[in-house]
Every structure is written in structure tokens, then in C-alpha cells.
Amino acid sequence: MLQLAIPFDALPLPVEGWKQKALAWAAANHEVVAFYEPNAVAYRHGAFENMLGVQLKAFSKNTFTTWEELSRAQLTQQHKPVFGYFTFDLKNSLEKLSSQNPDHIGFPELYFFHPDVWLQWKGQEVTLHSDLVDPKEILEQINNFPFSASFSETSPKTQARVPKEKYLETVEKLRQHILEGDVYEVNYCQEFYAENAAVEPVALFQKLNAASPTPFAGFLKLQEKYLLCASPERFLKKEGDLLISQPIKGTIARGKTPKEDESQKQALANSEKERAENMMIVDLVRNDLNRVAATGTVQVVELFGLYGFQYVWQMISTVTARLPAEVNAIDAIKAAFPMGSMTGAPKIKALELIELYENTKRGLYSGSLGYFLPIGDFDFNVVIRSLQYNASNGYLSFEVGSAITYDSDPVQEYEECLLKAAAILKVLA
């Protein structure tokens, strides 16, 4: 593989503008694109590495679409990263579960690839790696690519898949399951969608990312299918033998003034309901990691941490563990997937109730986008605050959800969903 390092000050545009141009070039010329954007957000254990990878043709010999293929690829590759995603519905291959709800987007359940070309922004330079042509030619193609962040004049009009009254009724049914001892907590989500939508995915992603900069943002293209992701949540990271999971449970709107904002932050910090929800998921993550971790190494290193984002304060905890040498990275991911923050506790029963009461397959929503590095480390987000789009049929979708416990008030849960949807609705408007 050939490579070329270019200092930021040698680029023909400021680095952020050139980065947008590189992503537009990638999406216009390749069937598969994966882009990871940390937005310079300071985050405990770091944010995503800033990378862009492309594959000229989908489903080539450098494509991996099963757990077994991915395990072989991750164990044998030496000099390239592996980019890709896991959909939520991989739960059916990990447990005795099934999904009958409709899927309007159609992402394959698992897709990873060795990039033909990949770029990495680090320090004060961007490095181009290429198996196809001289990186200088790639640089010239990007520099000469005509790009403007244009938007269609008509905005797609989204509608809720579930009417408000039906949503409130479902929350009451879930509270009854909790009362009867079936579960302690279940993550219930609803879909907003538009049909026959015509959007420009790269421009829409740039607008979403600008409206809500997060440490685990990303853009994915797989032929005609797109993910535009502004996620604030990490699912699982491997750093050497250290596993790191950072579940989010607990949300409150930012205040309009510094005083109001601090008041909102303290309200979240002192909320018994939000702390109880967070604690349940921390316990679930500890149990998941215990399935693969070295004995006695699972630790909660941060409990009920408060993090501010553009629209919301979030309550985030950090759980770590040590991975024994005899356990491979894929087994660690399988042990914790799907993530507890998007399922509930106990996990299997929560997943069964999700399938029973939700109306759409989640697909990539509450799945995970991420990468494996050549040194064997990996980092994966939780796909939330995200749009899924199928350009071939014009179907545009996003989902939002909340954790339902017995103490949940259905109207407040509905309002929390709308709060989480605010950034996306504003972008689409």
C-alpha cells in the first residue's frame, strides 16, 4: 500500500472544507464509503479516530458479511483497517430470537470491508493510503472535485409510524410487564419516516453534523443505502487488552441561559429515576463484559457522569474490563451486543418485548458503526440520533426511544423522544 502525508497548511482549502470535499468525492465515485468524525470533542477514553475509507465495488473479495468472515479478516489483516457496521437484528444470530417487522431500508445485517483507499486526519496532517493508484492522483482527484453543500428546495415531511395515543398505550403495557416481573427496564423506540424523499446524503450529513457535533459521528454509504449518524454514545472500544463501554441513560434539555442550563444539569444529576435507569444498564454491561473478561477485572470507573451536547445533557457511565489473550475481539463484541442501553434488562426478555411492541425493524438504528485498526484495537458507537436513507426507493427514516421503567410517565417519555428528535427535525426543516 502506497501512502502520502500532507500537512494541513499545504491543502488548497482549510482542513474542514477539504474534508467535506473528500467525503463528497468518495460518495460520488465509490459504492462503499465509511467516514468517522470525532468533531474535536474531548471525551473520556477519546472519540472516534478521524478516517475515511472507500471501496470501489461492494461485495468484492475484500468484503465480510458474516461473523466468521469478519473474525478471519480481523485476525489475519496486518496493514489495513477494517471498516463497517453491525445492525441491531444481528441479535437473532446471537440469541434464540427472530424479527418479523418490515424493513424499509434494507441494509445487510453485517458488512465490513478492507478499504481500497483510506484517509486519516491526525495531528496536523492528513495521510492518504491507496491500493489502487498513486496517492498523489487521489489527492488531485479530491482537489479538483466540484463540490458545494447544496440542499433540495423541498424538505421531506416526516410522520410518526406510531400515533401518540398508541405510543402512550404501549408504554402502559410495558409498565404492566414490569409490574408482573417480566423485565426491569425496556428501551422502546418509535420511527419517524418520509416516503419518496429526494435528499443529497453528503450535504444532509454535513448539516446534521454541524447542528449536533458529537464524538462518534459517521457517514456510511453501501450502494444506494446511507446512514447519517450524529451519535454521542460509545458501544465498545478495545485499547490493547482494555475494553471500554460507555452507556448513556438519562437525558434532559439544555437550558436557554447559563443559570437555567446549570439548573437542568443538576436536575438530571439528582433525578432518582434517571440514576436508577443508568444503574440498571451499568449492571447489564458489567454482566455482559464478565462473559469474556479476565476474572475480577470488570470495573465501573465512572458512574452517572454528566456530559453536555448541543441540545441535551446526558448521564453517561464508564465500565472497563481486561480481555484475556485467548479471547478474540469478535467474541468480546458478541458478548456485549446488542448494547444494553438500547435493549433493557434482563436483555433477552427486553429484546422479545421490543420485537412484540415496535412496528419496524431497527436495522442500523441501535446497531453499531465503527472500525478495527491494524494493531487489533477497535472502536464502535451506538447508532442513535441518525438518519437512514434508501435512495433507490426514497425511504427516509429516523428513530428515537427511551428507557421504560415502572416509574415512567408515558407523556414524559413521549416528550423525551421528541427532545432527542429535535436536532434531526431541525435539520430536515
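The values are calculated or read from the model by the stated rules, or taken from the named source; none is laboratory data. Note that the structure is a prediction, hence the values are computed from the model and not measured. Heads up, the Cβs are rebuilt from the backbone with ideal geometry, glycines too, and the neighbour counts pull from every protein chain shown.
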### Message
Show the residue pairs meeting these rules: Cβ distance below 7 Å; 6+ apart or different chains; first residue within the stretch 319-337 and in a helix (DSSP H, G or I); second residue buried (at least 20 other Cβ atoms within 10 Å of the Cβ) and among the small types (Gly, Ala, Ser).
### Response
ALA336/SER245
### Query
Which one is nearest to TYR184 (Cα to Cα) among residues in the stretch 276-302 that are assigned to a helix (DSSP H, G or I) and more than 23 Å from the chain's Cα centre (by Cα)?
ALA276
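Residue-wise test of (1) assigned to a strand (DSSP E or B); (2) more than 19 Å from MET51 (Cα to Cα); (3) not small (Gly, Ala, Ser).
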residue: ILE178; (1), (2), (3): no, yes, yes
residue: ASN187; (1), (2), (3): yes, yes, yes
residue: ALA203; (1), (2), (3): no, no, no
residue: LYS237; (1), (2), (3): yes, no, yes
### Query
Any residue in the stretch 11-32 that is of a type in the set (Phe, Trp, Tyr), over 17 Å from PRO135 (Cβ atoms) and within 24 Å of the chain's Cα centre (by Cα)?
no
### Task
State all residues of the stretch 239-257 that are farther than 27 Å from ARG286 by Cβ and either modelled with pLDDT of 95 or more or part of a loop (DSSP other than H, G, I, E, B) (or both); if no residue qualifies, say none.
ARG254, GLY255, LYS256, THR257
### Message
Looking only at the stretch 386-397, count every residue that is over 22 Å from ALA210 (Cα atoms) and either part of a strand (DSSP E or B) or touching a Pro at 6+ places or on another chain (Cβ under 7 Å) (or both) and tell me the total.
### Response
2
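Residues checked against (1) basic (Lys, Arg); (2) under 30 Å from ARG44 (Cβ atoms); (3) within 28 Å of the chain's Cα centre (by Cα):
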{"position": "ASN144", "(1), (2), (3)": "no, no, no"}
{"position": "ARG161", "(1), (2), (3)": "yes, no, yes"}
{"position": "LEU168", "(1), (2), (3)": "no, no, yes"}
{"position": "LEU174", "(1), (2), (3)": "no, no, yes"}
{"position": "TYR184", "(1), (2), (3)": "no, yes, yes"}
{"position": "PHE192", "(1), (2), (3)": "no, no, yes"}
{"position": "GLU200", "(1), (2), (3)": "no, no, yes"}
{"position": "LEU208", "(1), (2), (3)": "no, yes, yes"}
### Of the criteria (1) at pLDDT below 95; (2) in contact with a helix residue (DSSP H, G or I) (Cβ under 7 Å, 6 or more places away or on another chain); (3) not small (Gly, Ala, Ser), which one ASP288 fails
(1)
### Pairs with Cβ under 9 Å, 6+ apart, first in the stretch 153-178 and acidic (Asp, Glu), second modelled with pLDDT of 95 or more
GLU169/PRO410; GLU172/PRO410
## Note on the structure
Flagged in the stretch 268-292 as loosely packed, with under 14 Cβ neighbours inside 10 Å and of a type outside the set (D, E, K, R), in numbering order, are ASN270
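Conditions (1) in contact with a Ser or Thr (Cβ under 8 Å, 6 or more places away or on another chain); (2) within 21 Å of LYS91 (Cα to Cα); (3) not acidic (Asp, Glu), marked per residue:
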residue	(1), (2), (3)
ASN328	yes, yes, yes
ALA335	no, yes, yes
GLY340	no, yes, yes
ILE375	no, no, yes
PHE380	yes, yes, yes
GLU399	yes, yes, no
ASP409	no, no, no
LYS420	yes, no, yes
### Task
State whether one or more residues within the stretch 398-405 are in a loop (DSSP other than H, G, I, E, B), modelled with pLDDT of 95 or more and touching a Lys or Arg at 6+ places or on another chain (Cβ under 9 Å).
no
#### Entry: Residue list for the stretch 110-140, restricted to those being surrounded by fewer than 21 Cβ atoms within 10 Å (Cβ to Cβ) and either under 16 Å from the mean Cα position of the chain (by Cα) or of a type in the set (Lys, Arg) (or both)
LEU110, LYS122, LYS136
#### Entry: Conditions (1) crowded, with 21+ Cβ neighbours inside 10 Å; (2) outside any helix (DSSP H, G or I); (3) of a type outside the set (Phe, Trp, Tyr); (4) out of contact with any Asp or Glu (no Cβ under 8 Å at 6 or more places or on another chain); number of the one not met by LEU208
(2)
### Query
Do we have any residue at all in the stretch 90-98 that's assigned to a helix (DSSP H, G or I) and touching a strand residue (DSSP E or B) at 6+ places or on another chain (Cβ under 8 Å)?
yes
## Note on the structure
Checked SER386, SER366, SER392 against criteria (in contact with a helix residue (DSSP H, G or I) (Cβ under 6 Å, 6 or more places away or on another chain) and either of a type in the set (Gly, Ala, Ser) or modelled with pLDDT under 95 (or both)); the one match is SER366
### Message
Can you find a residue that is part of a loop (DSSP other than H, G, I, E, B), under 30 Å from TYR365 (Cα atoms) and of a type in the set (D, E, K, R) anywhere in the stretch 115-124?
### Response
yes
### Task
Using the structure shown, decide if GLY376 is within 18 Å of SER245 (Cα to Cα), of a type outside the set (S, T, N, Q) and at pLDDT below 95.
yes
### Query
Just one of LEU356, LEU369, LEU364 is part of a loop (DSSP other than H, G, I, E, B) and either under 19 Å from GLU95 (Cβ atoms) or under 19 Å from the mean Cα position of the chain (by Cα) (or both); which is it?
LEU364
### Message
Being in contact with a strand residue (DSSP E or B) (Cβ under 6 Å, 6 or more places away or on another chain) and at pLDDT 95 or above is the requirement here; does PHE83 meet it?
### Response
yes
